[in-house]
């Protein structure tokens, strides 16, 4: 089985690519979902986050208040590193376990991992697929999607490797600057190439 990591930057279109892969029958797993599960109520992960950041980052419903935590970690690199040290090991264990559950004749499977390069795990995968758009487009999308200022959007981009650096290290790149239909077509073309070479 070819283990493919899908990565990119914030708002570069990873979710759209992952949805298309799933719709085309490719086994996929989303590290963001696994990260949420790692800090769900009652988990050791949430207990560790509360111990580090305080009870104010938990809502009345017992769920992690992601907006409150995000305000802390996007403004403080050491706080972000502390959070990542809690969450990332659990996420990578879950991804490894997920690959192990797939049928042995699976030609390839995809794990969506936004911080693949930042966490030093690119070497765990056979191929790297990068979702890409221009940094200006990333900022515009983050502002529209999350309702934040340009300065906040730019700070979020600055917390990750520049997209150009990720593109340079990729085995495959899908540019998402066009329509969803155009992105879908690029995904389909990649799948055809992968199946020919699988």
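The values are calculated or read from the model by the stated rules, or taken from the named source; none is laboratory data. Everything numeric in this text was worked out from a predicted model, so none of it was measured. Cβ atoms come from the backbone with ideal geometry, glycine included; neighbour counts cover every protein chain shown.
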Kindly indicate which of 129, 116 is part of a loop (DSSP other than H, G, I, E, B), in the same structural domain as residue 163 (by TED's automatic domain parsing), farther than 17 Å from residue 45 by Cβ and at pLDDT 95 or above. 116
If I filter segment 177-198 for residues that are under 11 Å from residue 9 (Cβ atoms) and surrounded by 15 or more Cβ atoms within 10 Å (Cβ to Cβ), do I get at least one hit? no
Segment 39-53 - residue that is out of contact with any strand residue (DSSP E or B) (no Cβ under 9 Å at 6 or more places or on another chain) and not in a helix (DSSP H, G or I) and, of those, surrounded by the fewest Cβ atoms within 10 Å (Cβ to Cβ): 42
Residues satisfying the stated conditions in segment 157-181, i.e. assigned to a loop (DSSP other than H, G, I, E, B) and over 20 Å from residue 191 (Cα atoms): 159, 160, 161, 162
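Hey, could you check segment 54-68 for residues that are in contact with a helix residue (DSSP H, G or I) (Cβ under 7 Å, 6 or more places away or on another chain), in contact (Cβ under 8 Å) with a residue 12 or more places away in the chain and not in a helix (DSSP H, G or I) and say which is nearest to residue 32 (Cα to Cα)? First the steps, then the outcome.
If we filter segment 54-68 for residues that are in contact with a helix residue (DSSP H, G or I) (Cβ under 7 Å, 6 or more places away or on another chain), which is where we start, we get 56-58, 64-65, 68.
Narrowing the set further to residues that are in contact (Cβ under 8 Å) with a residue 12 or more places away in the chain leaves 56-58, 64, 68.
The next check asks that each one be not in a helix (DSSP H, G or I); those that pass are 58, 64.
Values: 58: 18, 64: 14 Å.
Selected residue: 64.
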Evaluate the following for residue 148: is it without any contact (Cβ under 8 Å) to a residue 40 or more places away in the chain, touching a helix residue (DSSP H, G or I) at 6+ places or on another chain (Cβ under 7 Å) and farther than 14 Å from residue 131 by Cβ? yes
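Hey, among the residues in segment 74-89 that are surrounded by fewer than 18 Cβ atoms within 10 Å (Cβ to Cβ) and touching a helix residue (DSSP H, G or I) at 6+ places or on another chain (Cβ under 8 Å), which one's farthest from residue 29 (Cα to Cα)? I'd like the intermediate steps shown before the answer.
Of segment 74-89, the ones surrounded by fewer than 18 Cβ atoms within 10 Å (Cβ to Cβ) are 74-82, 84-85, 89.
After this cut, where a residue has to be touching a helix residue (DSSP H, G or I) at 6+ places or on another chain (Cβ under 8 Å) as well, the list is 74-75, 79-80, 82.
Details: 74: 25, 75: 29, 79: 27, 80: 23, 82: 24 Å.
The residue in question is 75.
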